[in-house]
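Undergrad: Can you read through this structure? Questions will come right after.
The values are calculated or read from the model by the stated rules, or taken from the named source; none is laboratory data. Keep in mind that this is a model prediction, so the values were computed, not measured. A quick note on method: Cβ atoms are made from the backbone with ideal geometry, for glycine too, and the neighbour counts reach across all protein chains shown. Just so you know, the surface numbers come from the protein's heavy atoms only, side chains and all, with ligands and any DNA or RNA stripped out. Shrake-Rupley method; radii C 1.70, N 1.55, O 1.52, S 1.80 Å.
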Amino acid sequence: MSPRPEIVVLGGINIDLIAAAERMPVPGETVTGDEFYTTPGGKGANQAVAAARMGARVRMVGRVGDDAFGPGLVDDLRAEGIDVSAVGAEPGEPSGVAVILLDGERQNYIIQVRGANLAAGRAEEEAAVGALGSADAVMLQLELPPAVTLAAALAARRARVPVIWDPSPPGPGMERAVEAASVITPNQSEALAITGIDVTGPDSARAAADALLSMGAGAAVIKMAEMGAFYASDAGSGHVEAFEAEVVDSVAAGDAFGGALAVSLAEGRTLGESVERGCAAGALAVTRPGAQAAMPRRAEVERLVASR
């Protein structure tokens with residue numbers, strides 16, 4: 001196993017505005033909330049922090065705005081030991097914002113305004129491609145312009161660098177993401193959007209994973225929250241049960257999963273072993289509030305895996 005793999009993350013950087021209430025309002029209704037807080041987020045940035053806390057050397061490629069949020073978002077990544085030299089600030093644009101509502105079960109409902117993330121272009125593509133020479137894996141999502149992300153993915157595949165692609169948020173580019181991914185990691189709603197298969201448990205997850213493999217993915221991992229995760233590749237398939245966890249909020253649990261999965265694969269672990277570590281990281285993330293702040297550290301993940 002590589003002693004400390006290098007991960008390139010090309011993705012979104014946001015400020016998250018999080019409000020919790022016992023239930024979500026119906027149209028035209030106002031409900032009283034329980035709490036409100038802000039936290040640095042964005043799927044790309046969250047996954048970068050998750051991978052860094054799992055012990056990887058991480059290079060973040062993305063864009064923030066020139067508003068009040070931008071410098072702090074970059075500083076937060078730098079404080080995690082992440083290389084932010086390829087994170088630019090877009091003049092005249094706000095940083096990306098995610099408005100996140102949590103219900104009484106602490107499930108999340110998210111509205112994302114991508115802001116400066118949509119200004120990512122040739123500079124980000126070139127930065128990601130330029131980092132491939134020393135990279136052990138590339139992590140992608142769908143928060144940046146699809147052409148930028150796809151170009152980086154195709155370059156990575158040509159360079160034989162594994163591409164771990166989280167097809168979120170759903171939208172244009174999902175089908176190309178499947179074809180370009182070494183490992184595609186949709187959750188249930190994303191699997192439905194891509195394959196048309198409603199994932200309600202391991203059997204339907206197997207069908208969705210098989211569909212993704214037939215669409216060109218090298219491997220597929222279906223994240224099913226409290227039902228665990230199902231994985232499939234030409235080497236085999238399996239269901240990893242979820243770890244028990246007391247849910248505080250589910251924000252960024254999938255990003256914690258992704259970071260642990262990518263680092264474990266880059267270290268040479270099998271897909272099944274890597275999915276188990278992803279499930280452990282996701283379970284730990286839901287026990288604490290926030291996005292990047294909730295990402296677990298490697299020792300915590302290893303203790304939880306060892307306890308099973």
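Undergrad: Could you tell me which numbered condition A260 fails, if it satisfies all but one of (1) out of contact with any strand residue (DSSP E or B) (no Cβ under 7 Å at 6 or more places or on another chain); (2) of a type outside the set (V, I, T); (3) outside any loop (DSSP other than H, G, I, E, B); (4) surrounded by fewer than 24 Cβ atoms within 10 Å (Cβ to Cβ)?
TA: (4)
Undergrad: Of all residues in segment 166-217, which are out of contact with any helix residue (DSSP H, G or I) (no Cβ under 9 Å at 6 or more places or on another chain) and either assigned to a loop (DSSP other than H, G, I, E, B) or closer than 19 Å to G282 by Cβ (or both)?
TA: Residue satisfying the conditions is S189 alone.
Undergrad: Does segment 166-184 hold any residues that are open to solvent by 10 Å² or more (accessible area, probe 1.4 Å) and of a type outside the set (D, E), and which are they?
TA: Matches in segment 166-184: S168, P169, P170, G171, P172, G173, M174, R176, S182, V183.
Undergrad: Go through (1) aliphatic (A, V, I, L, M); (2) under 24 Å from A137 (Cα atoms); (3) in contact with a strand residue (DSSP E or B) (Cβ under 6 Å, 6 or more places away or on another chain) for A205 and report which single condition fails.
TA: The one condition A205 does not meet is (2).
Undergrad: Still on this structure: Filter segment 272-307 down to the residues that are small (G, A, S) and within 17 Å of the chain's Cα centre (by Cα) and list them by number.
TA: Narrowing segment 272-307 to residues small (G, A, S): 272, 274, 278, 280-283, 285, 290-291, 293-294, 299, 306-307.
Within segment 272-307, S274, G278, A280, A281, G282, A283, A285, G290, A291, A293, A294 meet the criteria.
Undergrad: Take residues that are of a type in the set (A, V, I, L, M) and open to solvent by 10 Å² or more (accessible area, probe 1.4 Å) and tell me which of the strands (runs of 3 or more DSSP E) falling wholly in segment 1-52 contain 2 or more.
TA: 14-20
Undergrad: Also, I was wondering about something else. When you scan segment 263-292, how many residues do you find that are surrounded by fewer than 16 Cβ atoms within 10 Å (Cβ to Cβ) and more than 19 Å from A235 (Cα to Cα)?
TA: Summing the residues that are surrounded by fewer than 16 Cβ atoms within 10 Å (Cβ to Cβ) and more than 19 Å from A235 (Cα to Cα) in segment 263-292 gives 2.
Undergrad: Give me the residue from segment 53-77 that is charged (D, E, K, R), part of a helix (DSSP H, G or I) and touching a strand residue (DSSP E or B) at 6+ places or on another chain (Cβ under 9 Å) and, out of that set, most open to solvent (accessible area, probe 1.4 Å). Outline the logic, then answer.
TA: Within segment 53-77, the subset charged (D, E, K, R) is 53, 57, 59, 63, 66-67, 75-76.
Now restrict to residues that are part of a helix (DSSP H, G or I): 53, 75-76.
Going one step further and asking which of them are touching a strand residue (DSSP E or B) at 6+ places or on another chain (Cβ under 9 Å), we end up with 75-76.
Details: D75: 82, D76: 64 Å².
Result: D75.
Undergrad: Here is a further query. Of everything in segment 237-253, what is of a type outside the set (S, T, N, Q) and open to solvent by 30 Å² or more (accessible area, probe 1.4 Å)? Give them in sequence order.
TA: Our first condition is that a residue be of a type outside the set (S, T, N, Q); within segment 237-253, this holds for 238-249, 251-253.
H239, E241, A242, E244, A245, E246, V247, V248 - these are the residues of segment 237-253 that are of a type outside the set (S, T, N, Q) and open to solvent by 30 Å² or more (accessible area, probe 1.4 Å).
Undergrad: Against the condition outside any helix (DSSP H, G or I), touching a residue at least 60 places away in the same chain (Cβ under 8 Å), touching a helix residue (DSSP H, G or I) at 6+ places or on another chain (Cβ under 9 Å) and of a type outside the set (A, V, I, L, M, F, W, C), how does E124 come out, does it pass?
TA: Values: outside any helix (DSSP H, G or I): no; touching a residue at least 60 places away in the same chain (Cβ under 8 Å): yes; touching a helix residue (DSSP H, G or I) at 6+ places or on another chain (Cβ under 9 Å): yes; of a type outside the set (A, V, I, L, M, F, W, C): yes.
It is false that E124 is outside any helix (DSSP H, G or I), touching a residue at least 60 places away in the same chain (Cβ under 8 Å), touching a helix residue (DSSP H, G or I) at 6+ places or on another chain (Cβ under 9 Å) and of a type outside the set (A, V, I, L, M, F, W, C).
Undergrad: Then there's this: With respect to the numbered conditions (1) part of a helix (DSSP H, G or I); (2) open to solvent by 10 Å² or more (accessible area, probe 1.4 Å); (3) of a type in the set (S, T, Y), which one is the sole condition not fulfilled by Y231?
TA: Of (1) part of a helix (DSSP H, G or I); (2) open to solvent by 10 Å² or more (accessible area, probe 1.4 Å); (3) of a type in the set (S, T, Y), only one is false for Y231: (1).
Undergrad: Tell me, please, whether a residue that is closer than 30 Å to I18 by Cα and small (G, A, S) can be found in segment 154-164. Write out each step before concluding.
TA: We begin by selecting, within segment 154-164, every residue closer than 30 Å to I18 by Cα; these are 164.
Pick out the ones that are also small (G, A, S) and you get none.
No: zero hits.
Undergrad: Would you be able to tell me the number of residues in segment 154-165 that are open to solvent by 60 Å² or more (accessible area, probe 1.4 Å) and in a loop (DSSP other than H, G, I, E, B)?
TA: 1
Undergrad: Considering E93, E126, which residue is closer than 25 Å to A180 by Cα, surrounded by 15 or more Cβ atoms within 10 Å (Cβ to Cβ), more than 20 Å from the chain's Cα centre (by Cα) and not polar (S, T, N, Q)?
TA: E126
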